[in-house]
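The values are calculated or read from the model by the stated rules, or taken from the named source; none is laboratory data. Predicted model, so just to flag it, every value in this text is computed and none were measured. Because the Cβ atoms are built from the backbone with ideal geometry, glycine has one as well, and the counts that use them run over all protein chains shown.
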């Protein structure tokens, strides 16, 4: 099973992916929502998706969460932002402000996978 990290800032995406890999998770990476959707269509092993709120492209992180909830309901979701918490966060989605604390992230992912 794997974790999908969706983040347009390469350094941030690499940091989050490295945290998760160091903790033993298999990680897929996407730079925007469209790439995330393509990965989800190709790989049915994704258990948890972590996405940033603000991303360029066809949809932001909140819109991506709605798409994932509709098409892949078993996928658990976490949304992050270096700005304010979005006004609307889909039910069951965890929110973490940036910078992301390593122990908080790995504990949340473990809990979501349980």
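Suppose we keep only residues that are within 13 Å of residue 35 (Cα to Cα) and touching a strand residue (DSSP E or B) at 6+ places or on another chain (Cβ under 7 Å) within segment 56-76. Which one would you say is surrounded by the fewest Cβ atoms within 10 Å (Cβ to Cβ)?
Only one residue fits best here, namely 68.
With under 19 Å from residue 94 (Cα atoms) and either modelled with pLDDT of 95 or more or surrounded by 19 or more Cβ atoms within 10 Å (Cβ to Cβ) (or both) as the only criterion, which of 47, 41 stands out?
Of 47, 41, the one residue that is under 19 Å from residue 94 (Cα atoms) and either modelled with pLDDT of 95 or more or surrounded by 19 or more Cβ atoms within 10 Å (Cβ to Cβ) (or both) is 47.
Quick one: is residue 100 at pLDDT 95 or above and in contact with a helix residue (DSSP H, G or I) (Cβ under 8 Å, 6 or more places away or on another chain)?
Spelling it out, it is not the case that residue 100 is at pLDDT 95 or above and in contact with a helix residue (DSSP H, G or I) (Cβ under 8 Å, 6 or more places away or on another chain).
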